[in-house]
Amino acid sequence: MKVLVAVKRVVDYNVKIRVKADGSGVDTTNVKFTMNPFDESAVEEAVRLKEAGKVSEIVVVSMGTAQSQETIRTALAMGADRGILVASEAELQPLAVAKLLAAIVAKEAPSLVIVGKQAIDDDSNQTGQMLAALLGWPQGTFASKLVVDGGKAEVTREIDGGLETVALTLPAVISVDLRLNEPRYASLPNIMKAKKKPIETLSPADLGVDDAPRLVTLKVEEPQRRQAGVKVASVAELVNKLKNEAKVI
């Protein structure tokens with residue numbers, strides 16, 4: 001069984017984000033980038049399925065600038081077999097990414113697509129659902145546990161009331177949560193081996209997809225600083241402040 005895993009290059013989660021002076025976006029000058037944490041869990045789960053004998057090949061896909069090859073190499077060092085880079089300088093939004101992934105699915109014919117439930121840069125949480133809709137495949141979102149057996153997959157996912165388990169018939173799309181697993185660190189020998197693994201480069205035109213943005217970002221600004229709290233001497237004083245100062249009651 002072949003598994004397709006989508007990974008995204010994002011600003012490292014430890015980096016303090018700086019907004020551009022004109023408010024047009026985030027300043028990425030001299031900023032460290034890394035693989036999206038949710039996508040790391042997706043790669044780890046695919047590798048575990050391969051180690052369990054459920055999967056024969058793992059194909060990793062990333063989209064964006066040439067630097068996205070570094071993200072693919074990281075996934076290859078974790079245990080993926082080969083990579084595909086869809087090279088584009090455009091701002092790739094969820095719908096464009098879903099269409100590009102659908103075209104790659106048609107080309108590669110995987111039995112399972114695993115993606116992170118969201119990217120930490122835009123927090124859209126849309127690509128997996130859009131991809132499943134475009135393909136007409138069943139989907140399991142926010143997976144905290146995944147069991148694959150034959151042509152079936154069981155996904156345990158968190159909902160408001162607790163946990164829900166859904167059974168899917170493959171092929172299917174799975175979006176994963178951080179609770180699914182703990183991604184491994186790539187060993188030095190595997191990092192060296194990853195340099196020799198193949199990465200195919202395609203363009204949106206090769207896949208017949210228009211990747212032009214449909215949404216326009218009007219303004220980006222930092223959140224307001226939180227004001228320091230105050231101590232009150234009595235319930236009456238608390239009620240007074242909530243009513244007359246905070247005006248929430």
- Query: On the given criteria, is VAL113 part of a strand (DSSP E or B) and either touching a residue at least 60 places away in the same chain (Cβ under 8 Å) or buried (at least 17 other Cβ atoms within 10 Å of the Cβ) (or both)?
  - Reply: yes
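One line per residue, one yes/no per condition, for (1) outside any loop (DSSP other than H, G, I, E, B); (2) under 30 Å from ALA87 (Cα atoms); (3) open to solvent by less than 70 Å² (accessible area, probe 1.4 Å):
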{"position": "ASP211", "(1), (2), (3)": "no, yes, yes"}
{"position": "LEU215", "(1), (2), (3)": "no, yes, no"}
{"position": "VAL220", "(1), (2), (3)": "no, yes, yes"}
{"position": "GLN227", "(1), (2), (3)": "no, no, no"}
{"position": "ALA246", "(1), (2), (3)": "no, no, yes"}
- Note on the structure: GLY162 meets each of (1) on the phi < 0 side of the Ramachandran plot; (2) out of contact with any Asp or Glu (no Cβ under 6 Å at 6 or more places or on another chain) with one exception, condition (1)
- Query: Across segment 192-209, what is the number of residues that are without any contact (Cβ under 8 Å) to a residue 60 or more places away in the chain and either open to solvent by less than 100 Å² (accessible area, probe 1.4 Å) or more than 24 Å from the chain's Cα centre (by Cα) (or both)?
  - Reply: 3
- Are there any pairs with C-beta distances below 9 angstrom linking a residue in segment 38-52 that is over 26 Å from SER124 (Cβ atoms) to a residue that is acidic (Asp, Glu), with the two at least 6 apart or on different chains, and if so which? LYS50/GLU57; LYS50/ASP81
- Taking segment 130-158, which residues are over 19 Å from the mean Cα position of the chain (by Cα) and β-branched (Val, Ile, Thr)? VAL147, VAL148
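From LEU100, LEU85, which residue is at negative phi, crowded, with 20+ Cβ neighbours inside 10 Å, outside any helix (DSSP H, G or I) and touching a Ser or Thr at 6+ places or on another chain (Cβ under 9 Å)? Explain how you work it out, then say what you get.
Numbers: LEU100 fails: outside any helix (DSSP H, G or I).
The unique qualifying residue is LEU85.
Quick check on this structure: which one of THR74, THR127 is under 30 Å from THR217 (Cβ atoms), under 19 Å from the mean Cα position of the chain (by Cα), in contact (Cβ under 8 Å) with a residue 40 or more places away in the chain and open to solvent by 40 Å² or more (accessible area, probe 1.4 Å)? Give the derivation first.
On the way: THR127 fails: open to solvent by 40 Å² or more (accessible area, probe 1.4 Å).
Testing whether each residue is under 30 Å from THR217 (Cβ atoms), under 19 Å from the mean Cα position of the chain (by Cα), in contact (Cβ under 8 Å) with a residue 40 or more places away in the chain and open to solvent by 40 Å² or more (accessible area, probe 1.4 Å) leaves just THR74.
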- Task: Just name the residue that is modelled with the highest pLDDT out of those in segment 139-170 that are open to solvent by less than 50 Å² (accessible area, probe 1.4 Å) and assigned to a loop (DSSP other than H, G, I, E, B).
- Result: LEU170
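The values are calculated or read from the model by the stated rules, or taken from the named source; none is laboratory data. Nothing here was measured: the structure is a model prediction, and the numbers come from that model. A quick note on method: Cβ atoms are made from the backbone with ideal geometry, for glycine too, and the neighbour counts reach across all protein chains shown. Accessible surface is based on the protein model in full, side chains and every heavy atom, while ligands, DNA and RNA are left aside. Shrake-Rupley method; radii C 1.70, N 1.55, O 1.52, S 1.80 Å.
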